[in-house]
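Accompanying notes for the structure given below.
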Amino acid sequence: MCELSKNILLNSGHEMPLIGLGTYTITDPTVLHDALDYALGAGYRHIDTATVYRNEAFIGNSLKILLPKYNLTREDLFITSKFIPLAKDNESYVIEAVEASLRNLQLNYLDLYLIHWPAARGIPMQSSENAKFRNIAWTGLISAQKKGLCRSIGVSNYLENHLKEVLEHPLGIPPAVNQVEWHPHHHSPDLLDFCRLQNIFLQAYSSLGGGQGLLTQDPVVQRVATKIRKSGSQVLLQWAVQKGVGVVPKARSKQHIEDNIALDFTIPEDDMKLLDHMEHRQKYAWDPANVY
């Protein structure tokens, strides 16, 4: 088991493990069960899912079996899920979304619940209505937190303009986390600085780039990996962690899951600069830049 168990203190007062297991696209219950089994055995205590991943119920079923296997309790885990805002004028649907996730996961509370995307479902990204529905969704999340359904609340795919809007919400509860695509091919130092200034923890998804392995095979990444005798995936994850950015890499195989948490090394500063300033720029996931 990896001994790396660093936690981050969120602005909600709760701690979150720096490294988690992503479960996006893992919808086969057997494959997902095995991945969770490998992860808990390797020392992961943070699991990241979402309503659109359609695997919450599988995770809930597996945890009932796996927690006793590893002599763990619910309190030993940090579990995140997410929902996409709806074009509704009443925030009560957010409570229903959280409660549905809790039923699927067979939990009494979520450690973190995120607004997954800054645009409401079915509304054009350029519509000015999105701001209204984001505001309603955030009001609903605050209510869910006050009810004890989720300990921390946050957002995903929010850019600086979206975050400023949330910070001006009249109820005055800031996001604890902003989960965004973040890797050497696509990252914004300005966004990281803004989040730090506002005490919002930045967490990365798609740390390894797209599904074709293009980022892990990038010549710069491979040069650093060869130099420090680590895999390309480990270099990319440690690059984020070394910047104080959380990671939730998705993996299925035992070897990859174990490698992804084995980040007990340091990338030399000159190599960090190489990764910071790679010429190639590419976004691999959805782009919130045009969401108004």
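The values are calculated or read from the model by the stated rules, or taken from the named source; none is laboratory data. This one's a predicted model, so the numbers in the text were calculated from it and none came from an experiment. Here the Cβ is made from the backbone with ideal geometry for all residues, glycine too, and neighbour counts use every protein chain on show. These accessible areas exclude ligands, DNA and RNA; they are computed on the full protein's heavy atoms, side chains included. Shrake-Rupley method; radii C 1.70, N 1.55, O 1.52, S 1.80 Å.
Worth a mention:
- Only helical runs count toward this figure. For the chain, summing -39,500 (n - 2.57) over DSSP H runs of n ≥ 4 and dividing by all residues gives -12000 deg cm²/dmol at 222 nm.
- If you look at the Cα atoms of the chain, you get an Rg and a Dmax of 18.4, 55 Å.
- P(r), alpha carbons of region 87-222 - 5 Å bins starting at zero, rounded %: 2, 10, 18, 19, 19, 15, 10, 5, 3, 1, 0
- Furthest towards positive pole of dipole, VAL31, PHE83, ALA251, structure part the chain, Cβ charges: VAL31
- Leading residue at positive end of dipole, region 161-292 (Cβ point charges), from VAL241, SER188, ILE228: ILE228
- Of the beta bridges in the chain, as assigned by DSSP with both residues counted there, near 15 percent are antiparallel.
- If you take all other residues with their beta carbon under 12 Å from the beta carbon of TYR93, and give Lys and Arg +1 and Asp and Glu -1, the sum is -2.
- Average accessible area per residue (Å²) across the chain - probe 1.4 Å, nucleic acids and ligands excluded: 44
- Debye, to nearest 20: dipole size of the chain, +1 on Lys, Arg Cβ, -1 on Asp, Glu Cβ: 380
- Rounded to 5, the percent of DSSP beta bridges in region 171-249 classed as antiparallel: 10
- The magnitude of the dipole of region 142-203, with charges of +1 and -1 set on the Cβ of Lys/Arg and Asp/Glu and taken from the Cα centre, is near 420 debye.
- Shape of region 223-292, Cα gyration tensor, a/c cut at 1.5: oblate
- Area accessible to solvent at ILE228, 1.4 Å probe radius, in Å²: 40
- Counted by Cβ distance under 15 Å from TYR284, the other residues give a net charge of 0, where Lys and Arg count +1 and Asp and Glu count -1.
- For region 99-180, the share of accessible area belonging to carbon and sulfur comes to 50 percent (1.4 Å probe, ligands and nucleic acids excluded).
- Taking all Cα-Cα distances within region 161-290, those exceeding 27 Å account for 21%.
- Gap separating the Cα centres of region 223-263 and region 1-52, nearest whole Å: 14
- Farthest toward positive dipole pole in the chain [+1 Lys/Arg, -1 Asp/Glu at C-beta], among LEU107, HIS46, LEU149: LEU107
- With at most 16 other Cβ atoms within 10 Å, longest stretch of the chain clear of loop GluC sites (Glu not before Pro) (DSSP): 4-167
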